[in-house]
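Report on one structure; see the data block that follows.
FYI, it's all coordinate maths here, none of it is from the lab. In this text, all values refer to a predicted model and were calculated from it rather than measured experimentally. Cβ atoms come from the backbone with ideal geometry, glycine included; neighbour counts cover every protein chain shown.
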Amino acid sequence: MKRRCLTFVLTAMLTLSAVVCGGPGDRFVVKAASQNDASVLTGDETTVQAEINPIEEALKKMQSVNSMEAQMVMDMDISLAYNGQEEKLETTTAMNMVCFADPLKFKVDMIMDMGDEGSTVMYMYGEPAQDGTTYQVYMYNGEEWLVDTEDASILAKYDAQNSMVNYIGDVSVYNFEGEELVNGANAYKYSYVMTGEEMKEALLASDAFESAGLNAAPGQLSSMLDGLSGITEYVWVDATSLYPVKYEMDMTEVMDQLMTNILASLGEQMKGITFNVSQFKVVMVCSNFNNAADFTIPEEAKN
């Protein structure tokens, strides 16, 4: 029962990765927004920022960032019922990331707190391989270090800079929501509604389901993604530095729909099982742009 529950946790996390880290369509195309575009600048912002569009400037600045740090927190509460038995799992996954752009290297420390079920710790490092075209990835899974060789597209999933650039995407679709404090400093808050169809396109272009072992046929995969609801994404831009310092999205409803669709598509092997997602929220806060703390990869990882 628990293994099955954790399999769906993995699927959910991979799905999140696919949505956050990019996909096809206009959602992920960078477009220049007009300074007078009402869909970008509304209310008092036209007075506060008379000459520049903060979110457009934030995207430009992110594309040239050499290093940064980020802290991502994902809260996910799920329940799985089968033959009258119900298992609940409440998880908080915290990831501390350090990323460098040239050459690309990263560090991720992850702790998944599962309440009474304990916690899982994972460390991951990535650096250029000696061949100059691929990357060495070192991962500690809680028991041992594993080493693999990957191309840049795989590493992009763990690159906070890449994630933020792709997350912002098309600046012309955002609405200004006002000002809030982030890390004690004023920041401009923006919102964007990502439609269910856009999310479907992103998921179909990803390898999330294959990575989770759900090798459905193309038509079956497409049908299980039908009818997903939209989600509202938020981005905060620091009012002084104009760097994007925070993003947030609540995927509870759409993940609940997705998991229900996946169970239904698997047919008899999942008959009698119900799966509910009561919370699925992710927040990432970014800091130390172009001033990230350097790191060395542990010798035990390389050996």
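A few remarks follow.
- Simple point charges give the picture: +1 on the Cβ of Lys and Arg, -1 on the Cβ of Asp and Glu, and for segment 235-303 a dipole about the Cα centre of about 120 debye.
- GluC sites (Glu not before Pro) restricted to segment 103-147 and DSSP loop, no more than 11 other C-beta within 10 Å: Glu143, Glu144
- Hits among aspartates and glutamates - C-alpha to C-alpha of Lys271 under 17 Å, sequence gap 8 or more where chains match: Glu86, Glu87
- Distance between the pseudo-spin-label points of Asn303 and Asn290 (7 Å out from Cα toward the beta carbon): 3.9 nm.
- In order along segment 271-276, phi translates into HN-Hα couplings of 4, x, 9, 10, 10, 10 Hz, rounded to whole numbers, per the Karplus curve 6.51 cos²θ - 1.76 cosθ + 1.60 with θ = phi - 60° and x for Gly and Pro.
- Inter-centroid distance (Cα atoms) of segment 75-117 relative to segment 265-287, Å: 12 Å
- Exceeding the 24 Å Cα-Cα cut-off - candidates Lys107/Lys189; Lys105/Lys302; Lys246/Lys302; Lys60/Lys189; Lys61/Lys246; Lys281/Lys302: Lys107/Lys189; Lys246/Lys302; Lys281/Lys302
- Net charge over other residues, Cβ less than 13 angstrom from the Cβ of Asp131 (K, R count +1; D, E count -1): -3
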